[in-house]
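To start, the structure under review is shown below, and the notes come after it.
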Amino acid sequence: MRRRIIVVAAATAAALVLAGCSSADSPEESGGTDITLWLNGGDTPDELRDYLTSEYEDATGGTLTIEEQSWTDALAKLTTALPDADNTPDVVEIGNTWAPTFTYAGAFTDLSDMYDELGGDALLPSFVEVGSVDGAEYALPYYFGSRYMFYRKDVWEKAGVTVPTTLTEFNETAAALKTDDQSGFYFGGEDWRNGVSWVFANGGELAVKDGDEWKSTLSDPNTVTGLEQLQTLFADASLAPVTESDSTPWVNLNNNETTGAPEAATIIAPGWAHWSIGDAAPDPEDPTKVVNTWNDAVFGTFVLPGVDGGVAPVFAGGSNIAISAASKNQESSKELLKIVFSDEYQKMLGENGLGPANLDFASSLGDDQFATALIESAAESKLTPAAPGWAAVEGSGLLEEFFGKVNGGGDVEELATEYDAKIDELING
């Protein structure tokens, strides 16, 4: 996911255990069924929402009501609503990092019999995996995003540096670009969602499954190597607060309204951030507002390089979609999923800058530098562990604490051992 997630951690899995879910098997009258879809935030544009509602009406004669939920309280609402057959949304968008908690708790309908019809092996594999339990698919990919680098060409050219081809070269370049007033690479000390790329690039993991149990692996030697590399990068290249987690780094890449200069030479951000990056100018439609317009002469993009070149794994953003197991409208909900995974809708996702769940339609993203970087970075991207208690881990704030202490200069091995023990208490649900 691409926003800070506030999670009701401790009670999530327990509250979602569905007693019986008899309504899932209730008979449903054919045609004319009204259903509700919960979407999170404003990522799905109005054009796509209108398409879903009109196509659903044409297909079933019923009404699709789309209710937008805030990312900040969506998890708490889902935890309460999903087990309640009288109040559950029928179909829900769910952040990919939350999917394991809900699937293990039995909150979603088994979609295995529809898997091939909805895209099958063409669906983004990592998102399918986090929405699956014991080989059965419950929450399928909705859309994906990925993180890549945005940089100030003018600042880089003035410094006489070029786009790096290895992770070490990137770290050295970012350090060389740092000044008293400008981060060579701006990232907050607690920003684990971006910082974990250095862990992944060095072959490390946040957690792995050992038999039937998940185990935190912050103290794994490969993870420690990545964390030590990140710690050095933060000290050498970033002026961001060590207590900062998720932020809006494109603000630092744009020219400061007071000084007229950027506060960062480079940032990492989800692909959609390019809409907020550029030269500031009055909005042609409303001169009282200021908009940022991308300028190829000033700004550029590249994917984060790996240790030995190529592409470094970054944390994948995006969402899954599922049918509530408690919904009384199972068949009509499945009709909606057929529309979501239709060729036309998958193309519309790409045309609006959202990575389509069905990779056969990745070309719909276009061929500009943003689409190219998104596809290239997403191809090597990774998700958080598909552990039943992962939502609880995120909600605890332990990862922010840990990365903040690492980037604050703490002993990486000691901190890793300490936080492995804390995460192990939550990760298995």
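The values are calculated or read from the model by the stated rules, or taken from the named source; none is laboratory data. Computed from a predicted model, the values in this text were never measured in an experiment. All Cβ positions, even for glycine, are placed from backbone atoms using ideal geometry, and neighbour counts span all protein chains on display.
Would you check which residues across the stretch 361-395 are small (Gly, Ala, Ser) and not in a helix (DSSP H, G or I) and list them? Write out each step before concluding.
Kept after step one, since they are small (Gly, Ala, Ser), are these residues of the stretch 361-395: 362-364, 366, 371, 373, 377-379, 381, 386-387, 389, 391-392, 395.
366, 381, 386, 387, 389, listed by residue number.
Please enumerate the residues belonging to the stretch 260-281 that are touching a residue at least 40 places away in the same chain (Cβ under 8 Å) and more than 22 Å from the chain's Cα centre (by Cα).
261, 262, 263, 264, 265
Looking at 181, 110, can you tell me which residue is within 20 Å of residue 78 (Cβ to Cβ) and either charged (D, E, K, R) or without any contact (Cβ under 8 Å) to a residue 24 or more places away in the chain (or both)? Steps first, answer last, please.
Numbers: 181 fails: within 20 Å of residue 78 (Cβ to Cβ).
Of the residues listed, the single one that is within 20 Å of residue 78 (Cβ to Cβ) and either charged (D, E, K, R) or without any contact (Cβ under 8 Å) to a residue 24 or more places away in the chain (or both) is 110.
Scan the stretch 39-49 and give yes if some residue there is over 30 Å from residue 271 (Cβ atoms) and either of a type in the set (A, V, I, L, M) or at pLDDT below 55 (or both), otherwise no. Give the derivation first.
So the first thing to find is which residues in the stretch 39-49 are over 30 Å from residue 271 (Cβ atoms), and the list is none.
No, every residue in the stretch 39-49 fails to be over 30 Å from residue 271 (Cβ atoms) and either of a type in the set (A, V, I, L, M) or at pLDDT below 55 (or both).
Given the residues 226, 189, which is the only one that is part of a loop (DSSP other than H, G, I, E, B), buried (at least 22 other Cβ atoms within 10 Å of the Cβ) and at pLDDT 95 or above? Reasoning before the result, please.
Values: 226 fails: part of a loop (DSSP other than H, G, I, E, B).
Only one candidate qualifies: 189.
Assuming residue 243 fulfils every condition listed in (1) under 26 Å from the mean Cα position of the chain (by Cα); (2) assigned to a loop (DSSP other than H, G, I, E, B); (3) hydroxyl-bearing (Ser, Thr, Tyr); (4) crowded, with 20+ Cβ neighbours inside 10 Å apart from one, which condition is it?
Of everything listed in (1) under 26 Å from the mean Cα position of the chain (by Cα); (2) assigned to a loop (DSSP other than H, G, I, E, B); (3) hydroxyl-bearing (Ser, Thr, Tyr); (4) crowded, with 20+ Cβ neighbours inside 10 Å, residue 243 misses just condition (4).
For residue 327, work out the one condition from (1) more than 19 Å from residue 48 (Cβ to Cβ); (2) in contact with a Phe, Trp or Tyr (Cβ under 7 Å, 6 or more places away or on another chain); (3) hydroxyl-bearing (Ser, Thr, Tyr) it doesn't fulfil.
Against the list (1) more than 19 Å from residue 48 (Cβ to Cβ); (2) in contact with a Phe, Trp or Tyr (Cβ under 7 Å, 6 or more places away or on another chain); (3) hydroxyl-bearing (Ser, Thr, Tyr), residue 327 comes up short only on (2).
Could you list, in sequence order, all residues of the stretch 126-140 that are surrounded by fewer than 20 Cβ atoms within 10 Å (Cβ to Cβ), in contact with a helix residue (DSSP H, G or I) (Cβ under 6 Å, 6 or more places away or on another chain) and either among the polar types (S, T, N, Q) or under 25 Å from residue 313 (Cβ atoms) (or both)?
Of everything in the stretch 126-140, just one residue is surrounded by fewer than 20 Cβ atoms within 10 Å (Cβ to Cβ), in contact with a helix residue (DSSP H, G or I) (Cβ under 6 Å, 6 or more places away or on another chain) and either among the polar types (S, T, N, Q) or under 25 Å from residue 313 (Cβ atoms) (or both), namely 133.
Please go through the stretch 353-375 and give me each residue that is surrounded by fewer than 17 Cβ atoms within 10 Å (Cβ to Cβ) and either more than 28 Å from residue 134 (Cα to Cα) or modelled with pLDDT under 90 (or both), ordered by number. Quick ask: steps written out before the conclusion?
Initial filter on the stretch 353-375 (surrounded by fewer than 17 Cβ atoms within 10 Å (Cβ to Cβ)): 360, 363, 366-369, 372.
Matches in the stretch 353-375: 363, 366, 367, 368, 369, 372.
Which one of 63, 165 is surrounded by fewer than 17 Cβ atoms within 10 Å (Cβ to Cβ), in the same structural domain as residue 253 (by TED's automatic domain parsing) and among the hydroxyl-bearing types (Ser, Thr, Tyr)?
Details: 63 fails: in the same structural domain as residue 253 (by TED's automatic domain parsing).
Only one candidate passes the filter, namely 165.
Taking the criterion of being basic (Lys, Arg), touching a residue at least 60 places away in the same chain (Cβ under 8 Å), assigned to a loop (DSSP other than H, G, I, E, B) and farther than 22 Å from residue 274 by Cβ, would at least one residue in the stretch 331-338 satisfy it? I'd like the intermediate steps shown before the answer.
Going residue by residue through the stretch 331-338, those that are basic (Lys, Arg) are 334, 338.
Remaining after also requiring touching a residue at least 60 places away in the same chain (Cβ under 8 Å): 334, 338.
If we keep only those that are assigned to a loop (DSSP other than H, G, I, E, B) too, we end up with none.
No.
Looking only at the stretch 113-122, decide whether some residue is in a helix (DSSP H, G or I), surrounded by fewer than 21 Cβ atoms within 10 Å (Cβ to Cβ), modelled with pLDDT of 95 or more and within 20 Å of the chain's Cα centre (by Cα). Outline the logic, then answer.
From the stretch 113-122, those in a helix (DSSP H, G or I) are 113-114, 120-122; that's our starting set.
Filter again for surrounded by fewer than 21 Cβ atoms within 10 Å (Cβ to Cβ), leaving 113-114, 120-122.
If we keep only those that are modelled with pLDDT of 95 or more too, we end up with 113-114, 120-122.
Still in the list and also within 20 Å of the chain's Cα centre (by Cα): 122.
So far as the stretch 113-122 goes, yes, one or more of its residues are in a helix (DSSP H, G or I), surrounded by fewer than 21 Cβ atoms within 10 Å (Cβ to Cβ), modelled with pLDDT of 95 or more and within 20 Å of the chain's Cα centre (by Cα).
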